[in-house]
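A short worksheet on the structure shown next.
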Amino acid sequence: MSKDNLQKKAKHILDANFNEDKGFTIPCEGLYPFQWNWDSGFIAIGFAHYDSNKAKREIEALLSAQWENGFIPHIVFHNDSDTYFPGPDFHLSKLHPLASKSHRTTGMTQPPVLGFVLKEIYDIVDDKEDMLNFIKQNIDKVFFNHQHFYNHRDPNQEGLVFIYHNWESGTDNSPIWDDIWETMDPPNYKFERRDTTHVDAAQRPTNREYDYYLHLIEIAKAHNYDDAKIAELSPFLVQDPLFNAMLIKSNEALIELYEMIGDSEDKISTLKAWQEKAITRFNEKLYNEKLGGYVHYDLRNEKQIEHLSSSSFAPLFSNIPTKEHADVMVNTLIKKFGGEDRYLCASFDPESDRFNPKKYWRGPIWINLNWMLYNGLNNYGFTDIANRVKEDSITLIEKYGFYEYFDSRKSVTEHAGYGGNNFSWSAALLLDLLKD
Ligand code: 2M8
């Protein structure tokens, strides 16, 4: 397919998934019928390439559901839909006294991409003045959100924030969580899955995994989504390198934007203090010498979770590793994830016995993680391997379509796109990858 046709197709998908009335974009028809937090950020980057008004509306729609304490939820239920479980009646965000009064949402969040998304869209659009005005109107909300993280999700006050649910990580059923599930024994809940009516069950989490997911929410609900109680009681309490890298990248972007806006010295110095503490601790606590990359830290059980995943490389995007560590990480990437027989980059270590090439976050390639990896490798001057990640992403979409995730094995030459089709962030980030 020509570059032109790919761009046309991508724009068509984004426009079709955009809800004109409410001003937000669904990730994918049927499978995900609401507004998702980090999806929206990536989607806004795609829109910035051809319709900056939609990029702005997308972000405004997400921020319109920000809680009174600064929290930005992971799903905003702008509309009703019976094609997704669990919906608003299960999540019951209103249990939290400071939850949005205007919107039903979940009581959990997702990787905080908004800060760097504002900077990306500013860099993309032609009308800088107009976009800077938009940023001026919204940037404090993102700052407030970061403040909430550092005040309520960092019990040790060490600069690293926790997530209490695998859905907060964005990498839902990653094998990273398997050891945590072994510490839990949730009931067998009665529920009706909807995802498996849209997508082959072999490509989605199991019912038993959903028991863990629901149980974590039940614990949080029993304490009205109170962060302090969650920190005390949730069996899932993790410092995730992807999540924290997104927060750090967003801090960096907020500093740059506040400097452009001017007159924001207090906020800039607060952001700089957060950055210094966070980056130092990130390197001390999340780097694993033996594996040659960053790993997750299980804060409940006080140990590193020693597995490599595509999240291990996200810190490159946020300029966290030293040059020496970046060199080691690139070796790890090529050796473990980048054999001749594979497209880059599998979401989980392909050499592990937990790797599954078809199952969601247990192995397939995701375009958003590839987009970060491409930009991260470029940050450190690894342009050849960065270009390989970009070319692989374009090839997979060209060959198989705008799927949610893809098989990393080159030996699979048919139907290697999995999950939902006409998937918004695959379309949005392809537009960005094709820009130069
Ligand atoms: C997936 O997660 C949702 C729950 O949030 C699900 O499986 O129902 C993940 O891939 C997540 O990262 C993504 O934001 C969401 C919507 O695309 O789908």
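Viscosity 0.890 mPa s, temperature 25 °C: what is the translational diffusion coefficient of segment 155-271 from Stokes-Einstein with a Kirkwood Rh over Cα pairs, rounded to a whole number of µm²/s?
On the way: Rh = 16.8 Å.
In µm²/s, the coefficient is 146.
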- Backbone HN-Hα couplings from phi across segment 192-206 [Karplus 6.51/-1.76/1.60, Hz, Gly and Pro as x]: 10, 5, 10, 4, 6, 8, 9, 10, 3, 4, 5, 9, 10, x, 7
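To the nearest 500 deg cm²/dmol, what mean residue ellipticity at 222 nm is calculated for the chain from DSSP H runs of n ≥ 4 alone, each contributing -39,500 (n - 2.57), summed and divided by the residues?
Numbers: 17 runs with 208 residues, N = 436.
One gets -15000 deg cm²/dmol as the mean residue ellipticity at 222 nm.
Based on Cα coordinates alone, diagonalise the gyration tensor for segment 39-125, multiply each eigenvalue by 5, take square roots, and list the semi-axes in whole Å, largest first. Walk me through the numbers before you get to the answer.
Details: eigenvalues 130, 41, 21 Å².
The equivalent ellipsoid of segment 39-125 has semi-axes of 26, 14, 10 Å.
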- So, in Å, what gap is there between the alpha-carbon centers of segment 210-280 and segment 7-21? 31
- Task: Please report the relative contact order for segment 213-334, taking Cα pairs under 8 Å with a sequence separation of at least 6, and give it as a percent rounded to a whole number.
- Result: 27
- Message: How big is segment 312-436 along each principal axis, measuring the range of its Cα positions in Å and listing the largest first?
- Response: 39, 37, 21
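About its Cα centre, how strong a charge dipole does the chain have in debye, to the nearest 20, once Lys and Arg get +1 and Asp and Glu get -1 at the Cβ?
On the way: 46 positive and 66 negative charges, 78 e Å.
My answer is approximately 380 debye.
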- Note on the structure: For segment 219-258, the Cα gyration tensor yields equivalent-ellipsoid semi-axes (√(5λ), largest first, whole Å) of 29, 13, 6
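Can you give the Kirkwood hydrodynamic radius for segment 380-436, in Å, rounded to one decimal and based on Cα pairs?
It works out to 12.0 Å.
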- Farthest towards the positive end of the dipole of segment 94-165, among 117, 132, 145 and with Cβ unit charges of +1 on Lys and Arg and -1 on Asp and Glu, lies the Cα of 145
- Message: Please list, ordered by chain and number, the residues whose modelled amide H lies under 5 Å from the amide H of residue 109; skip anything fewer than 5 residues away on the same chain.
- Response: 74
- Over 23 Å between Cα atoms, which of 359/410; 56/141; 141/272; 141/229; 358/390 qualify? 141/229
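With an 8 Å Cα cut-off and a minimum separation of 6 or more residues, compute the relative contact order for segment 32-152 in percent. Don't skip to the end; give the middle numbers.
Numbers: 163 pairs, mean separation 37.1, N = 121.
Here the relative contact order equals 31 percent.
Short version: what are the Cα gyration tensor semi-axes of the chain, square root of 5 times each eigenvalue, largest first, in whole Å? Can you show the working numbers first?
Values: eigenvalues 145, 136, 120 Å².
Semi-axes, largest first: 27, 26, 25 Å.
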- Query: So who's got an amide H within less than 5 Å of the one on residue 35, skipping anything under 5 residues away but keeping other chains? H placed 1.01 Å off N, in plane.
  - Reply: 76, 78
- Note on the structure: Sorted largest first, the C-alpha extents of segment 1-59 along its principal axes in whole angstrom are 32, 25, 21
- Item | Near-label residues of segment 138-176 by backbone N, under 16 Å of a point 7 Å along Cα→Cβ of residue 277 | 144-162
- Percent of alpha carbon pairs in segment 216-330 separated by more than 22 Å? 46
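How about segment 61-163: which trypsin sites (Lys or Arg not before Pro) there are in a DSSP loop, with at most 12 other Cβ atoms within 10 Å of their Cβ?
Taking segment 61-163 and a limit of 12 other Cβ atoms within 10 Å, the loop trypsin sites (Lys or Arg not before Pro) found are 101.
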- Over the chain, what is the relative contact order in whole percent, taking alpha-carbon pairs under 8 Å and six or more residues apart? 18
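Counting other C-beta atoms within 10 Å, and keeping those with at most 15, which DSSP coil trypsin sites (Lys or Arg not before Pro) do you find in segment 236-292?
Values: sites: 249, 267, 272, 277, 281, 285, 290; in loops: 290.
When the trypsin sites (Lys or Arg not before Pro) of segment 236-292 are filtered for loop state and at most 15 Cβ neighbours within 10 Å, 290 remain.
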- With θ set to phi - 60°, apply the Karplus curve 6.51 cos²θ - 1.76 cosθ + 1.60 along segment 109-119 and write out the HN-Hα couplings as whole Hz, x wherever there is a Gly or Pro. 10, 9, x, x, 8, 4, x, 6, 5, 4, 5
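Once neighbouring chains are kept in place and the probe is 1.4 Å, which whole percent of the accessible area of segment 185-256 is contributed by carbon and sulfur?
Whole-percent figure for carbon plus sulfur exposure: 47.
So with the 1.4 Å probe, I'd like the accessible area per residue for segment 199-265, rounded to whole Å². List each step's numbers first, then the result.
Details: 2180 Å² over 67 residues.
Computed with neighbouring chains in place, this is 33 Å² per residue.
The values are calculated or read from the model by the stated rules, or taken from the named source; none is laboratory data. Computed from a predicted structure; not experimentally measured. All Cβ positions, glycine included, derive from the backbone under ideal geometry; neighbour counts span all protein chains shown. Accessible surface is based on the protein model in full, side chains and every heavy atom, while ligands, DNA and RNA are left aside. Shrake-Rupley method; radii C 1.70, N 1.55, O 1.52, S 1.80 Å.
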